[in-house]
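As structure tokens, the structure follows; a few thoughts come after it.
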Amino acid sequence: MRNPGRAVVGVMTTILLTITSAFGSNTYLTNPLALQYSGTDYTNLTTYYYNPTALIVTSGCNAGASQFQDARAKGAQVLEYIDPVELPSWNCTQANAFYSGASGELWSPSRMNGTEPLLDITAGSAWSTQVVNYVTTLMNSGTVDGVFVDVVGARLWTSVWGDMSTTEENNWTLGAIDLVRRLDAARRQNNPKFIIVNNNTWDRGDAVGFVGEWYVDGICLEHHPATQTTVTPYAARDYASLGHRRMVSIATSTSDAVAWAQIQGITHVSDQYPSSEYQTPNAPPVAFNVLNDLAYTAQFFGSTSASGTTPSSGLGADFKRGSKVSLGQSATLIELSAYMDGGGASTGTQSVRMELYADSSGVPGALVASSDERVIPAGMAAGWVHFTMPQTALAAGSYWLVIHSGATGGIARDFGGSTANTWYGNSDTYSDGGSNPFGTGTFGTGPIAAYGTYIPPAQQFGRTTIATTPSSGLGTNFKRGSMFTLGTAGTLSSLNAYLDGNGGGSGSQQLRMELYRDSSGAPGAKVVESAVVSINSGQSPGWVTFATPPVSLTSGSYWIVIHSGDTSGVARDYGDGASDWYGNTDTFSDGGSDPFGTGTTGTVTLSVFASYY
């Protein structure tokens, strides 16, 4: 199979050079990426990538292989490869299903991208609709975790791009944006956990292409060295995901993959080079790190439909306007969205951001949070514009979703209803952020089409109260736990223990937590283990969270276990009350044993609990 994306080659434009490339300071934990295009040799995949947080890309022919389902059962995430841009010469059952009828949906005028004819991805085309329908079926099938969308981006990087007229180029870019926008809309409606990664950038030298970044979880940077400073800034771009960023690099060597892992924004790396190596992955170039951002399903508050709304006139400069919405439960805000277009003018751009204000007696009051900035180009088609927010804890109640428009006026338009006194706005200089509080304004007709995206509150099972009695310093290479009952199925997000560092030992002690199924009143089969946490000597008592992969749990009884490492006597756990304790010796360095093994009982119940969605 050919290289799945000749996406980013040649010299990049200079638009992104103002973004600092953050070597050695990546704030995202990085995990291995595997491309598995062989339909026969799965040896390395099964040996190395049956692991939580691995990201695996199938080929266009083998996504139905049982090995991918086995990998998903072990916690890996699998993306099905699709190429909506070109009609391939090869065929197979999977590809034939995807490309059914595509030979009649070619780009006009007829053009070849390398050796393969271009397909018609113009906005709203029959072929684009077929792609959206195919991927929507995947979203609802539960067979893959997302799609790896080859070639789609702001432009093509072969000579065919230079052969296109300006009108053709614009049609291609706007069609690519329309495609990912529709895929994003489908996942928000059907499966918000679904991952979308495209193998191309959204940079074509102007603001038009960057709109595509608002609808994907990240992009793939393919076979560029980590020293290529014209490319590395794309890794730090703000791809508007639903809380599960996937910014990947297929590096030029193992050492280059390690270097890419240090670039700000990168989440997954592979060292499969050249593209002939995509048949089967190598050993992971970096270690696996716990990633649990798919434990929850994002939820929404506000108006998620723009049906029946009409556009405003071009938004005035240095002005903010918003409408009131209700949030029915406590939550963590991750994103605000507004339905907008660039129909206020024929040229130029306008900067906008969104802000969240608390309600104060029926008008906006205190500023709660502000988003990043979006640049709306003139002529942008109507659609949801997503604004990434800093994760912000919200209490249930009333809030105002506000659009704040920049110094250049009259380009962006919002959309709203026709009900009086459901809109409130005032003048506010854009450059220094939204005023706090909102300030006196005027009412108008609305409400604006806008909504917020949030992480719902996690639930817990276990003991969330703090026991009064600390243990002595925890011994080396030993695990101990207490049994609790989960009343309903859920997805695990973390394990938690009340601990301190007052055991009398010096230095620090490594701990992890593990979850075991109950087996006739004792711990049995291991379900999952957490990341390792170090407890420092003298650390004050408090709850310590141990991140875990997002493992599905059925209702039933489980043992929540603390496993202590090689250094002895630093950490202490807390327990009292009923006799609900079981423990045994177990070498820390090779993880918790499976099954738990024979142990001894104790006389307390530990202060430990699991969080789940």
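With respect to the conditions (1) surrounded by fewer than 22 Cβ atoms within 10 Å (Cβ to Cβ); (2) touching a helix residue (DSSP H, G or I) at 6+ places or on another chain (Cβ under 6 Å); (3) of a type in the set (D, E, K, R), Arg188 falls short on a single one, namely (2).
Residue by residue, here is whether (1) part of a helix (DSSP H, G or I); (2) touching a Cys at 6+ places or on another chain (Cβ under 6 Å); (3) among the polar types (S, T, N, Q); (4) modelled with pLDDT under 95 holds:
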| position | (1), (2), (3), (4) |
| --- | --- |
| Tyr234 | yes, no, no, no |
| Leu242 | no, no, no, yes |
| Arg246 | no, no, no, no |
| Thr252 | no, no, yes, no |
| Val258 | yes, no, no, no |
| Gln264 | no, no, yes, no |
| Tyr273 | no, no, no, no |
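Filtered by the rule that a residue be farther than 12 Å from Ala412 by Cα and either outside any strand (DSSP E or B) or at pLDDT below 95 (or both), the stretch 302-340 gives Ser303, Thr304, Ser305, Ala306, Ser307, Gly308, Thr309, Asp318, Gly328, Gln329, Ser330.
To keep it simple, each residue is scored yes or no on (1) at pLDDT 95 or above; (2) assigned by TED's automatic domain parsing to the domain that holds Leu333; (3) buried (at least 20 other Cβ atoms within 10 Å of the Cβ); (4) in contact with a strand residue (DSSP E or B) (Cβ under 6 Å, 6 or more places away or on another chain).
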position	(1), (2), (3), (4)
Thr476	yes, no, no, no
Ser494	yes, no, yes, yes
Gly503	yes, no, yes, yes
Asn536	yes, no, no, yes
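With respect to (1) under 25 Å from the mean Cα position of the chain (by Cα); (2) under 14 Å from Gly592 (Cβ atoms); (3) β-branched (Val, Ile, Thr), the lone exception for Val561 is condition (1). Restricting attention to the stretch 434-446, the residues being surrounded by fewer than 22 Cβ atoms within 10 Å (Cβ to Cβ) and part of a strand (DSSP E or B) number 4. Looking at the stretch 111-138 only, could you name the residues that are of a type in the set (Ser, Thr, Tyr) and under 28 Å from the mean Cα position of the chain (by Cα)? Across the stretch 111-138, the qualifying residues are Thr122, Ser128, Thr129, Tyr134, Thr136, Thr137.
Of all residues in the stretch 206-234, those that are under 28 Å from Gly383 (Cβ atoms) have Cβ atoms under 6 Å from Cβ atoms of residues that are among the acidic types (Asp, Glu) and assigned to a helix (DSSP H, G or I), 6 or more apart or on another chain, in Tyr215/Asp184. Among the numbered conditions (1) assigned to a helix (DSSP H, G or I); (2) within 16 Å of Gln94 (Cβ to Cβ), the only one that Glu169 does not meet is (2).
Considering only residues that are more than 25 Å from Thr601 (Cα to Cα) and not hydrophobic (A, V, I, L, M, F, W, C), look in the stretch 546-581 and name the one that is surrounded by the fewest Cβ atoms within 10 Å (Cβ to Cβ). Result: Thr554.
Every residue, every condition in (1) crowded, with 16+ Cβ neighbours inside 10 Å; (2) closer than 22 Å to Val180 by Cα; (3) not polar (S, T, N, Q), yes or no:
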residue: Ala54; (1), (2), (3): yes, no, yes
residue: Gln67; (1), (2), (3): yes, no, no
residue: Leu79; (1), (2), (3): yes, yes, yes
residue: Ala95; (1), (2), (3): yes, yes, yes
residue: Tyr99; (1), (2), (3): yes, yes, yes
residue: Asn113; (1), (2), (3): yes, yes, no
residue: Gln130; (1), (2), (3): yes, yes, no
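Can you work out which of the residues in the stretch 547-603 that are hydrophobic (A, V, I, L, M, F, W, C) and in contact with a Pro (Cβ under 6 Å, 6 or more places away or on another chain) is nearest to Lys193 (Cα to Cα)? That would be Trp559. State whether the residues of the stretch 367-382 include one that is touching a residue at least 12 places away in the same chain (Cβ under 8 Å), in contact with a Pro (Cβ under 7 Å, 6 or more places away or on another chain) and among the small types (Gly, Ala, Ser). Yes; the residues of the stretch 367-382 include at least one that is touching a residue at least 12 places away in the same chain (Cβ under 8 Å), in contact with a Pro (Cβ under 7 Å, 6 or more places away or on another chain) and among the small types (Gly, Ala, Ser). Given the structure, is Gly487 surrounded by 14 or more Cβ atoms within 10 Å (Cβ to Cβ), at pLDDT 95 or above and of a type outside the set (Lys, Arg)? Criteria not met by Gly487.
Candidates are the residues of the stretch 41-53 that are among the polar types (S, T, N, Q) and at pLDDT below 95; the one that is farthest from Ile82 (Cα to Cα) is Asn51.
Take the conditions surrounded by fewer than 18 Cβ atoms within 10 Å (Cβ to Cβ), closer than 30 Å to Ser493 by Cα and hydroxyl-bearing (Ser, Thr, Tyr) and apply them to Thr297. Does it pass? The answer is yes for Thr297.
Residues that are β-branched (Val, Ile, Thr) and within 30 Å of Gly142 (Cα to Cα) within the stretch 186-236 comprise Ile195, Ile196, Val197, Thr201, Val211, Val216, Ile219, listed in sequence order.
Among all residues of the stretch 174-182, there is at least one that is out of contact with any Gly (no Cβ under 8 Å at 6 or more places or on another chain), closer than 24 Å to Leu79 by Cβ, crowded, with 24+ Cβ neighbours inside 10 Å and in the same structural domain as Arg246 (by TED's automatic domain parsing). All of Ser108, Ser141 fail the test of being over 27 Å from the mean Cα position of the chain (by Cα), at pLDDT 95 or above and polar (S, T, N, Q), apart from Ser108.
The values are calculated or read from the model by the stated rules, or taken from the named source; none is laboratory data. In this text, all values refer to a predicted model and were calculated from it rather than measured experimentally. Here the Cβ is made from the backbone with ideal geometry for all residues, glycine too, and neighbour counts use every protein chain on show.
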